[in-house]
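Here is the structure we will look at, set down as structure tokens.
The values are calculated or read from the model by the stated rules, or taken from the named source; none is laboratory data. Please read all numbers here as calculations on a predicted model, not as lab measurements. Backbone-built Cβ (ideal geometry, glycine too); neighbour counts: all protein chains shown. Just so you know, the surface numbers come from the protein's heavy atoms only, side chains and all, with ligands and any DNA or RNA stripped out. Shrake-Rupley method; radii C 1.70, N 1.55, O 1.52, S 1.80 Å.
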Amino acid sequence: MGDKLKKFFQLLGITTLICFSFFYTEKVGYVVREMDSLMEEIKEKSKTKNVEAIDALIDGNTIIPGKIGKIVDINSSYEKMKRINEYNENMLVLKDVSPKVSIKNNYDKYVISGIKSELEVSIILLINENTDIDHLRKLARDKNIRFNFFVNNIFFERNNDLLTELIKEGHNIGNLSENNDYSTSTYIWMDTILKKIIKQKNNYCYLEEENKEYLDICALNKNYTIKPGIVLKENPAINIQKSLNNGSIISVEANNSVLNEITVMVNYIQSKGYKIVTLNKLLDER
């Protein structure tokens with residue numbers, strides 16, 4: 001029994017010595033690395049590369065998306081540069097820092113704008129069954145822009161293949177349900193097809209006036225509810241000049257009488273330096 005106990009303590013001592021040795025070696029390696037002039041240079045110069053995340057702005061029942069930040073991954077950058085043993089800015093490794101408050105999963109608020117620091121706007125085209133879609137698609141191609149086509153149930157039912165084509169072209173599809181009523185089974189039917197067949201990344205409801213019942217229904221189905229800051233029922237080419245800002249969500253009733261004015265409106269927006277993007281892009285916090 002005495003020999004067994006002796007061997008146990010011998011083994012325990014050896015194990016402890018090995019563990020201590022590993023710990024000591026790792027500690028020494030850490031200290032040496034921290035004192036390395038390359039590490040010090042990376043730490044110093046990375047300060048100018050770090051970008052703070054911007055939280056989404058929630059004001060009552062409205063929300064404006066935030067923006068992710070960037071921070072230099074010091075250790076990964078050091079490991080890369082140590083291979084050549086000199087500082088190289090192109091070898092800095094950046095990692096994302098998410099906003100503490102994000103639009104992600106915040107479906108119970110009205111989305112009223114994109115982030116104000118970006119020169120981007122998004123145009124919602126309210127489409128009915130008689131709208132000349134070909135004209136709008138050509139305009140998008142000619143101007144290298146993307147629209148949000150918000151469609152009612154009649155257009156949706158008649159044009160499933162066309163909707164798939166619009167998605168492939170980079171546009172977004174919005175759900176106007178039947179007469180903008182989100183309490184009906186029509187909304188659920190359209191939403192299901194958009195998610196499971198057309199496979200759009202995000203789905204959208206649309207309201208010009210607040211309606212908590214509809215907002216709650218859309219939130220339950222993980223749809224963002226868009227409440228545009230600019231609503232143009234007529235003369236879009238003229239009226240757009242009154243309130244265009246960074247992040248504007250612009251709604252246009254795309255009946256055939258205003259199609260040519262939409263072209264003039266797009267020209268004006270681009271002349272002011274704005275990029276016209278989809279809601280997916282405008283609300284993306286990356």
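With each pseudo-label sitting 7 Å past Cα toward Cβ, what's the Lys70-Asn85 distance in nm, one decimal?
Modelled inter-label distance: 3.0 nm.
Ignoring ligands, DNA and RNA, what percent of the 1.4 Å accessible area of the chain is carbon and sulfur?
Ligands and nucleic acids excluded, carbon and sulfur reach 51 percent.
When the dipole is taken about the Cα centre of the stretch 28-119, and only Lys, Arg (+1) and Asp, Glu (-1) are charged at their Cβ, what size is it in debye, to the nearest 20?
It works out to roughly 180 debye.
Given a cut-off of under 8 Å on Cα pairs at least six residues apart, what relative contact order in percent is computed for the chain?
Values: 471 pairs, mean separation 59.6, N = 286.
Relative contact order comes out at 21 percent.
Report, in degrees rounded to the nearest 10, the 0 to 90 angle that the Cα long axis of helix 185-196 makes with the longest principal axis of the chain.
Taking Cα atoms only, the helix is inclined about 50 degrees.
Quick one: helix 37-46 against the long Cα principal axis of the chain, what's the angle to the nearest 10°, folded into 0 to 90?
The helix 37-46 is inclined about 20 degrees to the chain.
In what order, largest first, do Tyr214, Tyr224 sit by accessible area if the probe radius is 1.4 Å? Walk me through the intermediate numbers first.
Values: Tyr214 40, Tyr224 20 Å².
Reading off the accessible areas and sorting them downward yields Tyr214, Tyr224.
Counting every Cα pair in the stretch 116-256, what percent are over 24 Å apart? It would help to have the intermediate numbers written out before the result.
Details: 2778 of 9870 pairs.
Taking all Cα-Cα pairs of the stretch 116-256, the fraction more than 24 Å apart is 28 percent.
May I ask you to order 60-68, 80-88, 247-255 by the average number of other C-beta atoms within 10 Å around their residues, highest value first?
Working: 60-68: 18.0, 80-88: 13.0, 247-255: 21.4.
Ranking the peptides 60-68, 80-88, 247-255 by packing returns 247-255, 60-68, 80-88.
Ordering Lys100, Lys70, Lys222 by accessible area with a probe of 1.4 Å, largest first, what comes out?
On the way: Lys100 190, Lys70 70, Lys222 130 Å².
Ranking Lys100, Lys70, Lys222 by accessible area, largest first, yields Lys100, Lys222, Lys70.
What translational diffusion coefficient, in µm²/s and rounded to a whole number, does the Stokes-Einstein relation yield for the chain at 10 °C and a viscosity of 1.306 mPa s, taking the hydrodynamic radius as the Kirkwood radius over Cα pairs?
Numbers: Rh = 22.6 Å.
The diffusion coefficient I find is 70 µm²/s.
Taking 0.36 nm per residue of separation and subtracting the Cα-Cα distance, what length does fully extending Thr184 through Leu220 add? Intermediate values should be presented prior to the final figure.
Working: separation 36, 0.36 × 36 = 12.96 nm, distance 1.39 nm.
Net length gain for the segment: 11.6 nm.
In whole Hz, what ³J(HN,Hα) sequence does the stretch 257-267 give by Karplus (6.51, -1.76, 1.60; θ = phi - 60°), x for Gly and Pro?
Karplus-based 3J(HN,Hα) across the stretch 257-267 equals 6, 10, 4, 5, 5, 4, 4, 5, 4, 4, 4 Hz.
Calculate the dipole size of the chain relative to its Cα centre from +1 charges on Lys and Arg beta carbons and -1 charges on Asp and Glu beta carbons; express the result in debye to the nearest 20. Let's see the in-between values first.
Working: 39 positive and 39 negative charges, 258 e Å.
Result for the chain is approximately 1240 debye, rounded to the nearest 20.
So what's Rg/Rh here for the stretch 210-268, counting alpha carbon atoms and using the Kirkwood radius for Rh? Don't jump to the answer; show the numbers that get you there.
Values: Rg = 14.2 Å, Rh = 13.0 Å.
Answer for the stretch 210-268: 1.09.
Could you sort out which of Lys104/Lys138; Lys67/Lys201; Lys138/Lys275 sit more than 21 Å apart by Cα distance in this structure? The partial results should precede the final answer.
Values: Lys104/Lys138 33 Å; Lys67/Lys201 18 Å; Lys138/Lys275 18 Å.
The pairs that break the limit, which is 21 Å between Cα atoms, are Lys104/Lys138.
Expressed as a rounded percentage, what relative contact order does the stretch 135-286 have, with Cα pairs under 8 Å and six or more residues apart?
On the way: 182 pairs, mean separation 31.8, N = 152.
About 21 percent, as a whole number.
When ligands, DNA and RNA are left out and all protein chains stay put, how many square angstrom of accessible area per residue does the chain have with a 1.4 Å probe? It would help to have the intermediate numbers written out before the result.
On the way: 16190 Å² over 286 residues.
Computed with neighbouring chains in place, this is 57 Å² per residue.
Per DSSP H run of n ≥ 4, the term is -39500 (n - 2.57); total these for the chain, divide by its residue number, and report the mean residue ellipticity at 222 nm rounded to 500 deg cm²/dmol. The partial results should precede the final answer.
Values: 11 runs with 121 residues, N = 286.
Helix contribution divided over all residues of the chain: -13000 deg cm²/dmol.
Using a simple spin-label model with points 7 Å from Cα along the Cα→Cβ vector, what separation in nm is obtained for Lys138 and Thr48?
5.1
In nm, give the distance between the simple-model label positions of Asp96 and Asn61, each being 7 Å from the Cα along the Cα-to-Cβ direction.
With each label placed 7 Å out from Cα toward Cβ, I get 3.0 nm.
Under the definition of Cα pairs under 8 Å and six or more residues apart, what whole-number percent is the relative contact order of the stretch 221-282? Numbers along the way, then the final one.
Values: 46 pairs, mean separation 20.3, N = 62.
33 percent.
Does the stretch 81-197 come out rounded, prolate or oblate by the C-alpha gyration tensor, with a ≥ b ≥ c the root eigenvalues, rounded set by a/c under 1.5 and, if not, prolate when a/b is larger than b/c and oblate if not?
Values: a/c = 2.60, a/b = 1.90, b/c = 1.37.
Prolate, because a/c is 1.5 or more and a/b exceeds b/c.
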